[in-house]
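One structure below.
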Amino acid sequence: MLAVVGTVPDPDFPLAVGRVDMVGDRLSIDGKHIWVNRGTPALLGAMVNTLKVLGQKDIIGFIAGDIGLGDGSRKVYQYLVENRFQMDFNAIVFHYLQPDVDWHNKILFMLNDLGKKPVLIADAGFMYAAKMSGQAQAYDLFTPDVGELSFLADEIAPHPFYTRGFILHDDNKVPDLIGRAYLHGNAAKNLLVKGSTDYIADKNGVIFSVNSPIAEAMEAMGGTGDTVTGIVTALAGTGMSISKAAKIAAKVNRIAGFDANPTPATQVSQIVHHIPQALEKVLKESYDQ
Amino acid sequence: MFKFKFKKKKPHGFSQAELGILVFGNTSEVIGAQKALETNGWKIRVMGPPPEIQSGCDLVIEFPLIQELDIIRLLEKLGIPPIEMVPVTGPLLQPVDLFHIKDFGEFLMIRAANMKITVEKSTRLIVNVSGGGCPDVPYLACMMVGKTMAQAPNPLDIGHTLCGYALGLAFKEMEKRCSQW
């Protein structure tokens, strides 16, 4: 089983815990429905479509409505800590959540107490909290974009909003920023850096880079990073090594994006549709090799 | 099993990295802001300024940094905006002021820190919002995408987090660019 911990942008959406399915363009969880759009719904949509190819594994969602006040995130955090006995997952991904170091630490303590440790993946707000807590190395994978990598590389920035200009500057090369993030202990064991070139790295530096096919418009599209995080979580949940899962996920996301023939106005649900076909293609190539 | 050594936590539940400092011109403003913030339920603390702060009076207010946008909105409404808002861990840090511009031909994208906004040039329609990690980002995108720059709400008015603040700065820069077309 795989777990997704995140939020949806609806202040009236209550805490929902349960199996996630997709019916048409909508996700369903605990009798409630969510459109596949940027944020955690895009991540879930990508996971569901990845698992259509890999073979069904259940996705359990821990989802609440939150529009930035942190109330929904705190409901999810509290539920996880109080229901630790239910935590038996191959992989767990933490996503669009209000960064809160105190709750982050409670969750990490809870995970540490589990008999079987899942693959731990963090992205978005929870990744910010993981960096701020000083516990980045407890995670198996972070999936930052280049702006967020700059934040990880800036040892004193408390949020990407305060990343120092000399680190944010275009002249900085991604491999240097990766090195700087590891130097200060602010990266997970593995990184998948999402961008015009995707980089898969660990503490020794870049392991793979993936730069084709390229659909430049994807940079402008909201949710294309969420889909890659969803794909890598589903792959890592099968027991595949993190670096291999990240490399395949980066390729699949790029092919799905390319096949959607996007403009900067395209919405992410278009990419989610193309994931199964893209994954079949990448897996076939990988078996052929 | 992994072992943790967490960064030190402050008594009111926030770690140093999660806190910011509000700097005011005089003590009356500090007292007014303290009253307003506490009345509105924020966990804050009045204290002496760190040595790096060279401006303002001899009292500052410590606050949860992620709520900077909400707090500044309230204080501006009350007519007591701080003269500076800085992170506790880096009092010399400034909000991002470096914008990355990408021209897609028919579309223009502006990135501020981790937030991006993309507009169709001919219609000034906001076609995408991306990046960020705080939960108001998908909400802001829902409220803004599909509207023109003139129709869309300003993220500085309806956002709540620092990601919302960064998107607000990108929005402001986009307004500036649009006015030049």
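The values are calculated or read from the model by the stated rules, or taken from the named source; none is laboratory data. Being a predicted model, the structure only gives us computed values, none of them experimental. A quick note on method: Cβ atoms are made from the backbone with ideal geometry, for glycine too, and the neighbour counts reach across all protein chains shown.
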Would you tally the residues in segment A:160-182 being surrounded by fewer than 22 Cβ atoms within 10 Å (Cβ to Cβ) and touching a residue at least 24 places away in the same chain (Cβ under 8 Å)? 4
Taking B:TYR165, is it at pLDDT below 95, facing another protein chain (nearest Cβ under 10 Å) and either buried (at least 21 other Cβ atoms within 10 Å of the Cβ) or not in a loop (DSSP other than H, G, I, E, B) (or both)? yes
Can you find a residue that is under 21 Å from A:THR50 (Cα atoms), among the aromatic types (Phe, Trp, Tyr) and either surrounded by 23 or more Cβ atoms within 10 Å (Cβ to Cβ) or within 11 Å of chain B (Cβ to nearest Cβ) (or both) anywhere in segment A:192-204? yes
Scan (1) within 24 Å of A:GLN270 (Cβ to Cβ); (2) within 12 Å of chain B (Cβ to nearest Cβ); (3) of a type outside the set (Phe, Trp, Tyr) for the single condition A:ASP100 breaks and write down its number. (1)
Looking at segment B:18-31, I want the residues that are away from chain A (no Cβ under 14 Å) and under 27 Å from A:GLY70 (Cβ atoms) and have a partner that is at pLDDT 90 or above and part of a helix (DSSP H, G or I) with Cβ atoms under 8 Å, at least 6 apart or on another chain. Which pairs are those? B:LEU22/B:ALA33; B:LEU22/B:ILE71; B:LEU22/B:LEU75; B:PHE24/B:VAL30; B:PHE24/B:ALA33
I'd like to check something: does segment A:148-156 contain any residue that is at pLDDT below 95 and surrounded by fewer than 24 Cβ atoms within 10 Å (Cβ to Cβ)? yes
Is it true that A:HIS95 is at the interface with chain B (Cβ under 10 Å from one of its Cβ atoms) and either more than 14 Å from A:VAL4 (Cβ to Cβ) or touching a Pro at 6+ places or on another chain (Cβ under 7 Å) (or both)? no
Quick test for you: out of A:VAL76, A:VAL17, A:VAL48, pick the one residue that is at pLDDT 95 or above, buried (at least 24 other Cβ atoms within 10 Å of the Cβ) and touching a strand residue (DSSP E or B) at 6+ places or on another chain (Cβ under 8 Å). A:VAL76
Given the conditions (1) within 7 Å of chain A (Cβ to nearest Cβ); (2) over 18 Å from A:ARG38 (Cα atoms); (3) acidic (Asp, Glu), every one holds for B:GLU175 apart from (1)
